[in-house]
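The structure appears right after this line, and notes come after that.
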Amino acid sequence: YPSAGVPEAPEMPTVREVYGTNALVLWTRPRDGGKPITNYILEKKETKAKRWSRATRDPLYPSTQYRVQDLVEGCEYEYRVSGLFEGNSYEFRVFSENIAGISEPSPTSDPIKATRAITKPGPPGNPKLKDWSKSYADICWTKPTRDGGSPILGYVVEIQKSGTAQWDRINKDLIKMCAHRVPGLIEGMEYRFRIRATNKVGDSEPRELSETVLAKDILVPPELTVDVSCRDSLTVRAGQIISLITRVKGRPDPEITWTKDARALSRDKRTEMNNNYPLCEFVINDAVRSDYGKYAIVAKNSSGQAQATIIVNVLDTPGACQNLKVAYATKNSCMVSWENPEDNGGTEITQYIIECRQPSQRGWTVVSNDCTKRLIKAPLTEGCEYFFRVSAENKIGAGPTIESKTPVLAVDPIEKPGEPIDFQISEIGKTFWDSIPIEATVKGKPQPDIRWTKDESTEEIKKSPRLQFESGADFSKLLVTGARRTDSGKYVVTASNSSGTCSLMSMCRLLAKVNRLYTFKYIQIYTFVCF
């Protein structure tokens, strides 16, 4: 027995339930030396260290608080030491104390490493039936709240047919995600499902879906929603990507059809159709102007159909102007006119570019690059010939040009003769035939040549003692003297120059019985083209 009643040292302590940063230390009560043990002192140290430190600041009274409830390997007392560093190795020893003093230390415990104890994980959480049909069921769940100290390796799904007690495992390999489609259901049969989590120790307890699943198709009419990026309309520039995105719902999955201006579309080198329900996308790469129009998507299944439309505008340069005309040429200028392109490129035409060149030149000279009207007076150099070309421009740029086919010559115009006017007999005798003057106003540039003919004859009337002619800058006059009955008839005056010909007729009738002269005036109307 120890002298003076000091208690003996406890036996070597045992360390159990090492978990992370704490460990449970157990020991037995030694002989007390004749005086009751009033306290225990528990010390710890890292295995490689030399110094010991107390594992607790508070006294460890030999009360029921520290007594082992169930006898474990003969141990009577226990204390859970905290504050360990995970991954480090530790040793422990115990002192007993009574009124006479403190005992020698107990033998040092076997070293232990502060690591988490690995157990089976907890069951998965919140299992739900996400979707189902007559042949499959989609279920999902959440990770367990406890992984048992080891990463979750995957999940096991089990199925039970209605009316049986047997649970069958669905998957041979572990399911890595927290969702799974269970295939192979029999239409009309009811099923129950449960899921287990697995780590390297083993499977958790199962977590069962709260509802049974009836293998039956769900019928839902299609619903269409156009993405906000292209809702109602979409505008892109030529060369960019057209992406029409919609979200489609319906059971069973609807059949998708895309159309443009009521014509069905299909895949080609520039187009893609991606149907990954609920997302359905139609893509056109490297857009061109002709891609603009009204696009529609139709979703159809056995329960109905839905449709949505999107207006697509592709901006590009304008097309070529039309009906280029060059007219009213003089030695100083000419008028150039044109009509708008059939296609403005999807945006307003801002201006026109007018250029000219002489036939001997290859380069073009800008007449105007900011013209906003479809008509311009172009300056010319006298005696030179000119070609013209015009292009339309919008905010994207200038379109292709249209060129005049024949050159225009910068000279003053040669006018075609005007129609003779005021063609009449200037004097009528009441009781006798005086002379018959027939006069017409004639204009033209250059000065026209004048011919007079009678009736249907094409032979020009010749000057004679009774037939006299007088012509000036703007008139021509035929004077018939000593009129006779045979002078009755149709008199025609014809004016001609290098630009054209014009004629006018006057009828003269002489009545001998009443000694009067009657004239009838006929005016023919002509349409002339000026050059």
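Along the principal axes of its C-alpha atoms, what lengths does the range 11-61 span, in descending order and rounded to whole Å?
38, 24, 21
From the P(r) of the range 125-215, can you give the percent of Cα pairs sitting at distances over 15 Å? Can you show the working numbers first?
Numbers: 2308 of 4095 pairs.
More than 15 Å apart: 56 percent of the Cα pairs in the range 125-215.
Can you give the charge dipole size of the range 322-410 about its Cα centre, rounded to the nearest 20 debye, using +1 on the beta carbon of Lys and Arg and -1 on the beta carbon of Asp and Glu? Walk me through the intermediate numbers first.
Details: 10 positive and 10 negative charges, 54 e Å.
Around 260 debye, computed over the range 322-410.
For the charge dipole of the chain, defined by +1 on Lys and Arg C-beta atoms and -1 on Asp and Glu C-beta atoms about the Cα centroid, which residue among PRO30, SER96, ALA473 has the Cα displaced farthest towards the positive pole?
Ranked along the dipole, the leading option is ALA473.
Taking H placed 1.01 Å from N in the peptide plane, check which residues at least 5 places from LEU315 or on another chain put their amide H under 5 Å from its amide H.
VAL236, ARG237, ALA238
Given a 1.4 Å probe and every protein chain left where it sits, what share in percent of the accessible area of the range 223-315 is carbon and sulfur? Before the final figure, lay out each step's value.
Numbers: 2420 of 5200 Å².
Carbon and sulfur together cover 47 percent of it.
Per the 1.4 Å probe, what fraction of the accessible area of the range 14-114, in percent, lies on carbon and sulfur atoms?
For the range 14-114, the apolar C and S fraction of the accessible surface comes to 46 percent.
Which residue, chosen from CYS140, VAL493, ILE195, occupies the Cα position most advanced towards the positive end of the dipole of the chain, where the dipole is computed from +1 (Lys, Arg) and -1 (Asp, Glu) charges on Cβ about the Cα centre?
Most positive-ward Cα: VAL493.
Averaged over every viewing direction, what's the projected area of the C-alpha convex hull for the chain? Give it in nm², one decimal, please. Don't skip to the end; give the middle numbers.
On the way: hull surface 231.0 nm².
Projected over every direction and averaged, the Cα hull of the chain covers 57.7 nm².
Could you work out how far apart the two model spin labels at GLN447 and THR21 are, taking each label as a point 7 Å from the Cα in the direction of the beta carbon, and quote it in nm?
The two pseudo-label positions are separated by 12.6 nm.
So, for the chain, what is the accessible surface per residue at a probe of 1.4 Å, expressed in square angstrom? Could the numbers behind the result be given before it?
Values: 30920 Å² over 531 residues.
For the chain, the per-residue accessible area is 58 Å².
Take the Cβ-Cβ distance between LYS35 and ARG146 as r, set R0 to 51 Å, and report the resulting FRET efficiency rounded to the nearest 0.05. Walk me through the intermediate numbers first.
Details: r = 47 Å, r/R0 = 0.92.
Efficiency computed from Cβ-Cβ geometry: 0.60.
The values are calculated or read from the model by the stated rules, or taken from the named source; none is laboratory data. Predicted, not measured: the structure shown is a model, and the values here were computed from it. In this analysis, Cβ positions are derived from the backbone assuming ideal geometry, glycine residues included, and neighbour counts consider all displayed protein chains. Keep in mind that these areas ignore ligands, DNA and RNA; they rest on the heavy atoms of the full protein, side chains included. Shrake-Rupley method; radii C 1.70, N 1.55, O 1.52, S 1.80 Å.
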